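Contents: one structure, followed by commentary.
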Amino acid sequence: MNLFIKKPISQLLASAEGGEHQLKRSLGSMNLVSLGIGAIIGAGLFSLTGIAAAENAGPAVVLSFVIAAIGCTFAGMCYSELASMIPVAGSAYTYAYATMGEFMAWIIGWDLVLEYAVAASVVAVSWSRYVGSFLHDFGITIPAQYTACPFDVITLPDGSQGHGIVNVPAMLIIVAISILLMLGIKESARVNDVIVLIKLAVVVTFIAIGANYIKHDNYTPFIPPNTGTFGEFGLSGIMRAAGIIFFAYIGFDTVSTAAQEAHHPQRDIPRGIIGSLVICTVLYILFAFVLTGMLNYKLMKGDAAPVATAIDLTPYPWLHVLVKLGIIGGFTSVILVMLLGQSRIFYAMSRDGLLPKMFSSIHPKWRTPWLSNLLFMVFTGFFAGFFPISKLGNMTSIGTLLAFIIVCAGVMILRYTEPNIPRAYKCPYFPQFPILGILVCLAMMTSLDAETWWRLVIWMAAGLIIYFTYSRFNSTLGKSKAYKRKYASG
Ligand code: ALA
């Protein structure tokens, strides 16, 4: 069987309509923009801005946000073009199947687990930490053993050191969100819309109030000189910080996974992707500018919560509660949209026979791929509860950057191989923008550490084993008689 068989776009479009595997179309353009923002604003903005400013870029972390936004904008335009051409579930996986063939499609589908499922577990662990701290503010304390995994060292109430048992809140949030996702896309989108409004309000309030407490001295030097080590301030520091805070932008592409659930996917998926990206870029740049203006970047070193420290400089203690609430809500919607995206990718892979059929079985009443949701509930819940997964955030970044590069390449391939297929949205400045997208994403990938690269290699090797032992022999396309005939006749 041929590793490079491609799925004809006409077949992709036809298979998306009708049948027992049909998802419910109920999302409009505002829902899709909201889905994008739901996935984007989360741990990256609230936790990584301070770290990247303190250790890598100083106030110039603002420029890092601009660089990461540029890479994401190119990729976002490429995603939009492909989504408007091939508006079916599966996102980058499906695009790769149509452009580069089955093997690359498998690689990307497997790689996307890093973006979606791993991100959901990572964010669930951070969520648990914030919920613990929020409840603590109100006098409720969850025992430390039940908010940490067995690999974490914790301080017990008697002052001695011990190990965690299980991170219960992290598991609970995964279970709650998975149940919501099983019950229906419309219900999930509605919950997401409410959370998005809360977190947007929190970010805007922080920027509006914080802007009055900026000290201009904090911006000098705007680009602190490099210390002599690559990535510690100076230009290389700005690049390293861009690679780190790239995590904060991840999520806009999730909009494309819901293509089969949108009323007008050709028009609305590009709106959802670009709309959410533009709104978040503006907010991120302002947020970073205000934070580094309020608090000197040197003071952020070793501070686990620089946003909270910055709020202490204002006379509004209620802002603390509001920001924590925004952060908890923010993380909740990131988990929701990531788990949604993950189940839709596996849905598409299963329909193509590359994964067992259970992943594309649709619940007769809820019309969601509920078994897929159930499996990822167990998988991500288990990892969030029992593993020190918070250190794996960079895996999400590297996996996503790889997906972006493949999507940019896919746009270029299809412009040459399928020039006549209608594109409701076209990436401007072709081929410069897709090429720049590849280069900027590659630059951010290379700025990540060697350990992250090794983890990517190991994950991909596991994927290859599954492909060559299962997927290849069960591929619907590979097995189809029509294809075999064509292949036999050369
Ligand atoms: N962009 C998402 C976050 O920052 C993944 O949490």
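Derivation of every value follows stated rules applied to the coordinates shown; laboratory data play no part. Note that this is a predicted model, so its numbers are computed, not measured. Please note: Cβ atoms are built from the backbone with ideal geometry, for glycine as well, and neighbour counts cover all protein chains shown.
Highest-first packing order for the peptide set 135-145, 431-441 is 431-441, 135-145, based on the mean count of other beta carbon atoms within 10 Å.
Remind me, what semi-axes does region 241-369 give for its equivalent ellipsoid, largest first in whole Å, using sqrt of 5 times each Cα gyration tensor eigenvalue?
Numbers: eigenvalues 289, 52, 42 Å².
Ellipsoid semi-axes (Å, largest first): 38, 16, 15.
In this structure, the residue pairs whose Cα-Cα separation is over 29 Å, taken from LYS6/LYS186; LYS6/LYS365; LYS199/LYS357; LYS215/LYS301; LYS365/LYS426; LYS357/LYS426, are LYS6/LYS186; LYS6/LYS365; LYS199/LYS357; LYS365/LYS426; LYS357/LYS426.
Quick one: which of 87-99, 206-218, 318-330 comes out on top by average Cβ neighbours within 10 Å, and what's the full order, highest first? If you can, show how the numbers build up before the last one.
Numbers: 87-99: 27.9, 206-218: 14.5, 318-330: 20.1.
Order by mean packing, descending: 87-99, 318-330, 206-218.
Between THR220 and LEU299, the simple spin-label model (points 7 angstrom out along Cα→Cβ) gives 1.8 nm.
Shape analysis of region 1-151 yields a ratio of the Cα radius of gyration to the Kirkwood radius, Rg/Rh, of 1.07. Give me the distance between the Cα centres of region 151-219 and region 63-119, rounded to whole Å. Computed from Cα coordinates, the inter-centre distance equals 26 Å. Secondary-structure-derived ellipticity at 222 nm for the chain, considering helices only, amounts to -20500 deg cm²/dmol, per-run term -39500 (n - 2.57) for DSSP H runs with n ≥ 4. Separation of region 242-307 from region 340-416 is 21 Å, based on Cα centroids.
Would you compute the Debye intensity of region 206-255 from its alpha-carbon atoms alone, equal scatterers and no solvent, and pass along log10 I(q)/I(0) at q = 0.19, 0.20, 0.22, 0.23 Å⁻¹ to two decimals? Values, matching the q order: -0.84, -0.86, -0.89, -0.89. Each label was represented as a point 7 Å from its Cα along the Cα-to-Cβ direction; for THR476 and HIS264 these points are 2.9 nm apart.
Over region 167-248, with a single point scatterer placed on each C-alpha, what log10 of the ratio I(q)/I(0) does the Debye formula yield at q = 0.18, 0.20 1/Å? For region 167-248, the Cα-only Debye profile gives -0.94, -0.99. On full extension, the segment bounded by THR227 and LEU135 gains 29.1 nm, given 0.36 nm per residue less the C-alpha separation. Its convex hull of Cα atoms gives region 9-488 a direction-averaged projected area, equal to a quarter of the hull surface, of 23.0 nm².
Using the alpha carbons of region 358-432, what is the convex hull volume per residue in cubic angstrom, as a whole number?
Numbers: hull volume 12.6 nm³, N = 75.
For region 358-432, the hull spanned by Cα atoms encloses 168 Å³ per residue.
Under 5 Å between amide hydrogens, built in the peptide plane, is the criterion, and for HIS163 it picks out ILE154 among residues at least 5 positions away or on other chains. Extension gain, TRP318 to THR417: 0.36 nm times the residue separation minus the Cα-Cα distance gives 29.9 nm. Highest mean packing comes first when the peptides 43-49, 338-344, 422-428 are listed by Cβ atoms within 10 Å, giving 338-344, 43-49, 422-428.
State, to one decimal in nm, how far the label point of THR446 lies from the label point of THR469, with both points 7 Å from Cα in the Cβ direction. With each label placed 7 Å out from Cα toward Cβ, I get 3.6 nm. Taking a straight line from the alpha carbon of LYS479, these aspartates and glutamates sit under 20 Å away, with near neighbours fewer than eight places off in the same chain left out: GLU102, ASP352. Rg of the Cα atoms in region 320-379, relative to 2.2 N^0.38 Å, amounts to 1.43. For region 257-302, the normalised intensity computed at q = 0.14 Å⁻¹ comes to -0.53 (log10 of I(q)/I(0), Debye sum over alpha carbons, equal scatterers, no solvent). Screening the chain for whole DSSP H helices of 18 Å or more along their axis (Cα) with average Kyte-Doolittle hydropathy at least 1.6 returns 61-85, 168-183, 432-446.
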